[in-house]
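**Student:** Take a look at the following structure, please.
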Amino acid sequence: MKDYKFSMDFWNDNHYKNFEKIASHFRKEQKPIDILEIGTFEGRTAFWLLDNIPNSRITVIDPHLGPKFKENFDKWALNNNQSRFIWVCNHSFSALIDEISQYKQYDLIYIDGCHCSSCVLSDAILSWKILKTNGILLFDDYNMVVEDNFFYVSHKEFETYKNEGCMWIHPKQAIDSFVAIYKGQYKMYIDNYQIGLQKICELGKYNLNHGHKNVGRF
């Protein structure tokens, strides 16, 4: 297993612990692991996952890549099959609708795109439809530090609305809503700076009165 320094430079120690827990889980699987990342920026997480889950392939959704992405990709691609990495240059809502329409299914979905609550919630709801049973949905920045009550300078959306004082620009509210709405369909897998949910069932696939599968996919 290769170890690239650039793909392990996580600014928060919990990130590494969480990703290593997930990687260890999927390394035990004797099958290809399909990963979806919403918001890749410089690609560090994507390349770390590919390096540490040898039988994995990843699709990343991001309309704008970070300034160091090409450098990171070129380093990773030197010793790896580039077909394991797919970039979808689109906004997450449209891209996820396309994934659903193509009946895609993923073992791991990492949500780290737009941090406004409305975006996080729509990303989560759409992602749940393409997450396999026993798959893991991971949210970033649940316990993100805020300044001036509702403002965090690392994300442009928070800079834009720093004077509004609106909680809807923080991902925590969306994640809290999602875990409440989908209670009973997951078990908590990670609960610290990030939130990870392991999907145990999908109620929309079943008739709740009789336990029979509905006609149709979702």
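Just so it is clear, none of the values below were taken in a lab; they were calculated from the coordinates. All figures in this text were calculated on a predicted structure; none of them were measured in a lab. Note that we place each Cβ from the backbone using ideal geometry, even for glycine, and neighbour counts take in every protein chain shown.
**Student:** Give, as a single signed number, the net charge of other residues whose beta carbon lies under 12 Å from the beta carbon of residue 71, with Lys and Arg counted +1 and Asp and Glu -1. Mind showing how you got there, number by number?
**Tutor:** Working: positive: 44, 68, 70, 75; negative: 42, 74.
Charge balance near residue 71 sits at +2.
**Student:** Sticking with this structure for a sec: Quick one: which residues, 5+ away or cross-chain, put their amide H under 5 Å from the amide H of residue 41? H built at 1.01 Å from N.
**Tutor:** Answer set, sorted by chain and number: 66.
**Student:** From the P(r) of the stretch 34-92, can you give the percent of Cα pairs sitting at distances over 13 Å? Let's see the in-between values first.
**Tutor:** Numbers: 948 of 1711 pairs.
Every Cα pair in the stretch 34-92 considered, those over 13 Å come to 55 percent.
**Student:** For the pairs 68/129; 70/187; 17/132; 21/132; 31/172, note any where the Cα-Cα span goes beyond 28 Å.
**Tutor:** Over 28 Å Cα-Cα: 68/129; 70/187; 31/172.
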